[in-house]
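Let me begin by presenting the structure, written as structure tokens, before commenting on it.
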Amino acid sequence: MRKVVIAGNWKMYKTQSEAKAFFSEFPTQLKTTAPKAAIANQQILICVPYTNLAIAQTVVPAIGLSNLSIGAQNVHWTENGAFTGEISPPMLVELGIKYVIIGHSERRQFFGESDETVNKRLKAAQAHGITPILCVGESKQQRDTNETESWIFSQLAADLVDVDQNNLIIAYEPIWAIGTGDTCAASEANRVIGLIRSKLTNPNITIQYGGSVKPDNIDEIMAQPEIDGVLVGGASLEASSFARIANYQ
Ligand code: PGA
């Protein structure tokens, strides 16, 4: 059975005190919005800025939710070195971090991340026992010119060279749907994710949808047979809305 992973991506939001405030409210909100007695086979993950990663060792264990993890938003491919502004796999491992987002479109668009560096980061994360969440997705222009499939297939081919498909999550994030309120129709996200799955050597990988996921569209998205979870930006910043998303029905 494929694992469901409901992930938040806080991007460059929340100071440490704001993060603590979120986690003091989140468990109560999870209970308030819970539709069922137990959430089985489901991982809740929040990928935080580096300054909040230590929460994984302090705040989160105290909450006592065994299916809640903290993840990072990037990782370098070497263990240490003169790479100003980067963070290494051992630095994450020491904090108990088990997940990292790699190749988010904002990294590719604004910080020159290429398929080559994405591939190196994926392999480095895996070599240290961290599960990477690889983000792929097309721009509005690519969608309008019918290049969605070919673009995503080329990203997968380049990014997944020598990557272990037994320790990997993929997020399909159409760039035009990120932060715009313009969600990809659930059926279309399902179709593209099915195509992504058809290109993998391990078809049991968890594949998420990301792009303007909100409490009012999560149920329809999660009802799609190919979609195993979501990667949520804006709506993960508020405890009540992310709890409702984690408690999709
Ligand atoms: P959004 O961001 O939910 O704010 O659209 C998603 C993402 O960038 O992962």
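The values are calculated or read from the model by the stated rules, or taken from the named source; none is laboratory data. Everything numeric in this text was worked out from a predicted model, so none of it was measured. Neighbour counts run over all protein chains shown; Cβ positions are idealised from the backbone, glycine included. For accessibility, only protein heavy atoms count, side chains too; no ligands or nucleic acids. Shrake-Rupley method; radii C 1.70, N 1.55, O 1.52, S 1.80 Å.
A simple rule links phi to the HN-Hα coupling: the Karplus curve 6.51 cos²θ - 1.76 cosθ + 1.60 with θ = phi - 60°, which for the range 217-224 gives 10, 4, 5, 5, 4, 6, 7, 6 Hz, with x for Gly and Pro.
Here is the list for the range 1-36: trypsin sites (Lys or Arg not before Pro) lying in DSSP coil, each with at most 16 other C-beta atoms within 10 angstrom of its C-beta, are Arg2, Lys3, Lys36. Annotation for the range 1-97: GluC sites (Glu not before Pro) lying in DSSP loop with at most 14 further Cβ atoms inside 10 Å of their Cβ are Glu79. Both numbers refer to the Cα atoms of the chain; Rg and Dmax are 17.0, 50 Å. Compute the distance from the alpha-carbon center of the range 147-179 to that of the range 230-249, in whole Å. For the range 147-179 versus the range 230-249, the Cα centre distance is 23 Å.
Accessible surface for the range 4-246, divided over its residues, is 43 Å² per residue with a 1.4 Å probe. Annotation for the range 112-159: GluC sites (Glu not before Pro) lying in DSSP loop with at most 16 further Cβ atoms inside 10 Å of their Cβ are Glu147. Selection among Leu168, Leu122, Gln249 by position relative to the dipole of the chain gives Gln249 as farthest towards the positive end (Cβ unit charges, Cα centre). Heavy-atom accessible area with a 1.4 Å probe sorts Tyr99, Tyr209, largest first, into Tyr99, Tyr209.
Which percent of the accessible heavy-atom area of the chain goes to carbon and sulfur, probe 1.4 angstrom?
Here it works out to 53 percent.
Annotation: amide H-H contacts under 5 Å for Ser69 (H modelled 1.01 Å from N, sequence separation of 5 or more, or interchain): Ile44, Leu45, Ile46. Per-residue 3J(HN,Hα) values for the range 87-94, derived from phi via the Karplus relation 6.51 cos²θ - 1.76 cosθ + 1.60 with θ = phi - 60°, read 10, 9, x, x, 5, 6, 4, 4 Hz in sequence order (x marks Gly and Pro).
With 0.36 nm allotted per residue and the present C-alpha distance subtracted, the Asn146-Asn67 stretch has 24.5 nm of extension available. Here the chain is treated with +1 on each Lys and Arg Cβ and -1 on each Asp and Glu Cβ, and its dipole about the Cα centre works out to around 580 debye.
For the chain, what does -39500 (n - 2.57) per DSSP helix run (n ≥ 4), summed and divided by total residues, give at 222 nm, in deg cm²/dmol to the nearest 500? One gets -10500 deg cm²/dmol as the mean residue ellipticity at 222 nm.
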